[in-house]
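Have a look at the structure below before the remarks.
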Amino acid sequence: MAFSPEKSNFRSPLKGPPSPSWNDLLLKNKKALNHVLFTMHLQSRSNKQTPSSSPSPQLRKSLDFTLPSLVSDPISLLSDQILLSILSKLPDSQRNCNSLVSKRWLYLQGRLVRSIKLLDWDFLVSGRLFIRFPNLIHVDLVNGSLISPGNAGVFCSNRLLSSHVDCNADAKDWFLKERFVLPSDEIDKGLRILASGCPNLRRLLVVNASELGLLGVAEECPTLQVLELHRCNDQVLRGIAACQNLQILRLIGNVDGFYKSSVTDIGLTILAQGCKRLVRLELSGCEGSYEGIKAIAQCCQMLEELILRDHRMEGGWLSALSYCENLNTLRFMSCKSIDHCGWFDEDVGSCPTLERLHFEKCQLRNKESLRTLFLLCQEVREVIFHNCWGLDNEMFSLSTGLRRVKSICLESCSLLTTEGLESALLSWKEIQSLKVISCGNIKDSEISPALSTLFSTLKDFQWRPDTKSLLSAGLVGTGMRKRGSKLFKKTCDWKSLPGA
């Protein structure tokens, strides 16, 4: 066991009182502290002089440490590098407080900031952003690009975008006429200024940019690795293709209630030919088909994670996933359908490297498309169903074809019953982890002995199918939930009350 002399309270009976610590000595003797700080200041000044130069008379005079008081603010003698090292070790919650100490601390604290979410577009265009924060590498321009009217009493929010709306204007007319966002020319101007001021930019979030604006960022910021582009189309993707080192890309085409943009196979093909180092790709509200996904799979051979959110893909696109050589994770989020095809494709192929399959807020009602997907993902190890509609016993039974499942998570799947869960679990011979949360039709009383035995062998097991039954079990023996019933069962004679 490690021994810490500072924390130990051991005191030998053969020795006198414990010796004071360095902190106590320095706090009791301020002259010694000033001596140390002033010596450091003198050394930093003497290093700037040439070795042959002799110290000035003022410097010789300052070597006399018998003065009663050397400095009024010892911290001011610290160099910027030392003070930056100290401030960098403080928690993030103290950043605002540190900036209020002095103008010097305000400037130094700004040098430590690496990420910022812009709220005022003029702060970027005027150049004050780089004076205040000269070392930015992560910049979010989405909220700063939105136009907030003076009488903004209505706030429209989406999972991807939020904006204020004019009270006197129709919300639908407001977004269709693009009044909520700055024009593309103004966005491109801000991107040029940002690229020149932040050459080490690594992460960028922007909305309504054009091809020219993104080309400027690609040329000036070769270290750009993460890009999130709202309201993109095929023409804009020509600018993204110039980002040679891009690894994580999020494209948002259509957002219900806000705007509509078209990303088709043309844009996906341009993207695939330019960004060949992609590791993670998210397509949100994008169109396309088999050809576009196939181009990405063949060109982006380093792609490990593919996320499809509310996609508008044509039927039959699932077969293109078999061309992904290193795909590890496949996520479906807020999708109305997995594949619009109405038939089971036996020649869909397979993804041997795919290990994780996630569904979140998806409608799983097309039996043939789900069967085709499970045939494609035969080697998957982890499956997650989170708040999916249409996942009943019949649809869940299709997952028995996934023979190598080791982890399964079910959350807010109200149509699935204990019988449907048991039939699938007993078919998976390598199952090690099970999580069942808020699934109302899965009952504790319906668990069979075989299923109970399986639960005892799991390495990771979380069982909360019904929050009401869990609450009732936790209140057993406390007397709660019964005292109120006794009160209401008592009959009350209103005539005996005062004033009756």
Point to revise | Condition met for PRO149 (loosely packed, with under 14 Cβ neighbours inside 10 Å and either closer than 28 Å to ARG192 by Cβ or at pLDDT 85 or above (or both)) | key: no
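Which is assigned to a loop (DSSP other than H, G, I, E, B) and touching a Phe, Trp or Tyr at 6+ places or on another chain (Cβ under 8 Å), of LEU327, LEU354, LEU391, LEU410?
When all the criteria are applied, what remains is LEU391.
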Review point. Got a number for residues in region 266-291 being open to solvent by less than 70 Å² (accessible area, probe 1.4 Å), over 21 Å from ARG356 (Cα atoms) and either of a type in the set (A, V, I, L, M, F, W, C) or in a helix (DSSP H, G or I) (or both)?
Key: 10
Review point. When region 326-378 is examined, which residues are found to be of a type in the set (Lys, Arg), within 18 Å of ALA424 (Cβ to Cβ) and in contact with a strand residue (DSSP E or B) (Cβ under 8 Å, 6 or more places away or on another chain)?
Key: ARG356
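Among the residues of region 216-241 satisfying the criterion of being touching an Asp or Glu at 6+ places or on another chain (Cβ under 7 Å) and assigned to a loop (DSSP other than H, G, I, E, B), which is most open to solvent (accessible area, probe 1.4 Å)?
GLN235
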**Study point:** Residue check, PHE455 of a type in the set (Phe, Trp, Tyr) and more than 31 Å from the chain's Cα centre (by Cα)
**Key:** yes
Review point. Would it be correct to say that LYS294 is surrounded by fewer than 17 Cβ atoms within 10 Å (Cβ to Cβ) and basic (Lys, Arg)?
Key: no
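Of the residues ARG404, ARG365, which is closer than 30 Å to SER452 by Cβ and open to solvent by 60 Å² or more (accessible area, probe 1.4 Å)?
ARG404
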Practice item. Considering every residue within region 339-346, establish whether at least one is modelled with pLDDT of 95 or more, farther than 25 Å from TYR259 by Cβ and assigned to a loop (DSSP other than H, G, I, E, B). Key: no
Revision key, fill the gap. Selection from region 297-309 of residues open to solvent by 10 Å² or more (accessible area, probe 1.4 Å) and either farther than 24 Å from GLN225 by Cα or in a loop (DSSP other than H, G, I, E, B) (or both) yields GLN301, MET302, GLU304
Check your understanding: Consider GLU186 against the criteria (1) without any contact (Cβ under 8 Å) to a residue 40 or more places away in the chain; (2) surrounded by fewer than 19 Cβ atoms within 10 Å (Cβ to Cβ); (3) within 17 Å of LEU124 (Cα to Cα): it satisfies all of them except one. Which criterion is unmet?
Key -> (1)
Exercise for review: Restrict the check to region 322-330 and report whether at least one residue is in contact (Cβ under 8 Å) with a residue 40 or more places away in the chain and out of contact with any Gly (no Cβ under 8 Å at 6 or more places or on another chain).
Suggested key: yes
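The values are calculated or read from the model by the stated rules, or taken from the named source; none is laboratory data. Since we're looking at a predicted model, the values are computed, not measured. Note that we place each Cβ from the backbone using ideal geometry, even for glycine, and neighbour counts take in every protein chain shown. The protein model used for the area step is the full one, side chains on, heavy atoms only, and it has no ligands, DNA or RNA in it. Shrake-Rupley method; radii C 1.70, N 1.55, O 1.52, S 1.80 Å.
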